[in-house]
1. Which one is nearest to ligand 1 (Cβ to nearest atom) among residues in the range 42-91 that are among the charged types (D, E, K, R) and within 13 Å of the chain's Cα centre (by Cα)?
2. Checking the conditions here, which among G68, G41, G48 is small (G, A, S) and either over 18 Å from G10 (Cα atoms) or touching a Ser or Thr at 6+ places or on another chain (Cβ under 6 Å) (or both)?
3. I'd like the full set of residues that are hydrophobic (A, V, I, L, M, F, W, C) and within 30 Å of E135 (Cβ to Cβ), limited to the range 9-63.
4. Residues that are more than 16 Å from ligand 2 (Cβ to nearest atom): find the helices (runs of 4 or more DSSP H) completely inside the range 51-122 holding 1 or more of those.
5. What are the pairs with Cβ atoms under 7 angstrom where one residue, in the range 31-58, is modelled with pLDDT under 95 and the other, located anywhere, is of a type in the set (D, E) and away from ligand 2 (no atom under 16 Å from the Cβ)? Sequence gap at least six, or different chains.
6. Among residues belonging to the range 137-157 that are among the hydrophobic types (A, V, I, L, M, F, W, C) and part of a loop (DSSP other than H, G, I, E, B), point out the one that is surrounded by the most Cβ atoms within 10 Å (Cβ to Cβ).
7. In the range 79-112, how many are among the acidic types (D, E) and in contact (Cβ under 8 Å) with a residue 24 or more places away in the chain?
Amino acid sequence: MSKPAIEIQGVRKAFRRREREAGAPWWRREWKVKVALHELGLRVDAGGVTDILRPNGSGKSTLIRILGTLLTPDVGTAKVFGWDVVTDALQVRRHVNRVSVEAAFFKELSPWENMVYASRLYGNNSRGTRRRVVEILEVLGMPKDVIDQPMKQLSRG
Ligand SMILES: Nc1ncnc2c1ncn2[C@@H]1O[C@H](COP(=O)(O)OP(=O)(O)O)[C@@H](O)[C@H]1O
Ligand SMILES: [Mg+2]
């Protein structure tokens, strides 16, 4: 079995937020615990493409934030290429990149520009980046003709 890219065991994440009960007056808002992830276990092998499809509010963004070290799990462990998102956060950051369509900046850039941005950020300044990026985007199934179009013009899927 190959080394997993992602390995998650028993991860739970809850948020505290103020909520109004149905029918309660507007000023009566109580602190409620909202569980975003219930005991998630997941293993993703390296060298492939994985999608996570679940309804809105089911915790996808919370999971990605945990894997990107922007949030910490309440319990459980999450590892990226063997690095723990809590105790080895700096190493995890060196191995992940997240492109969020919500962030205004990234969607103005094309897939190629997003990849070069990440590549430079991670200290790569070598020649042959274009060829490598085109190769990677092809493996990911991206049609060649959209590689230089701003992401906001592309289908999210
Ligand atoms: N910072 C937060 N504070 C309070 N509740 C949150 C926060 N982030 C997410 N949630 C809640 O956690 C649940 C999962 O949210 P999210 O991870 O954004 O789901 P998805 O990305 O699958 O739509 C939702 O009910 C959401 O309202
Ligand atoms: Mg989301």
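The values are calculated or read from the model by the stated rules, or taken from the named source; none is laboratory data. This one's a predicted model, so the numbers in the text were calculated from it and none came from an experiment. Ideal geometry is used to build each Cβ from the backbone, glycine not excepted, and the neighbour counts take in all protein chains shown.
1. Looking at residues that are among the charged types (D, E, K, R) and within 13 Å of the chain's Cα centre (by Cα), I get K60.
2. Among G68, G41, G48, only G48 is small (G, A, S) and either over 18 Å from G10 (Cα atoms) or touching a Ser or Thr at 6+ places or on another chain (Cβ under 6 Å) (or both).
3. L42, V44, A46, V49, I52, L53, L63
4. Values: elements: 60-67, 89-95, 104-108, 111-121.
In the range 51-122, the matching helices (runs of 4 or more DSSP H) lie at 89-95, 104-108, 111-121.
5. K32/E19
6. Once the filter is applied, the top-ranked residue is I147.
7. Pass one, the range 79-112, residues among the acidic types (D, E): 84, 88, 102, 108.
Right, trim to in contact (Cβ under 8 Å) with a residue 24 or more places away in the chain and you get 108.
Qualifying residue count, the range 79-112: 1.
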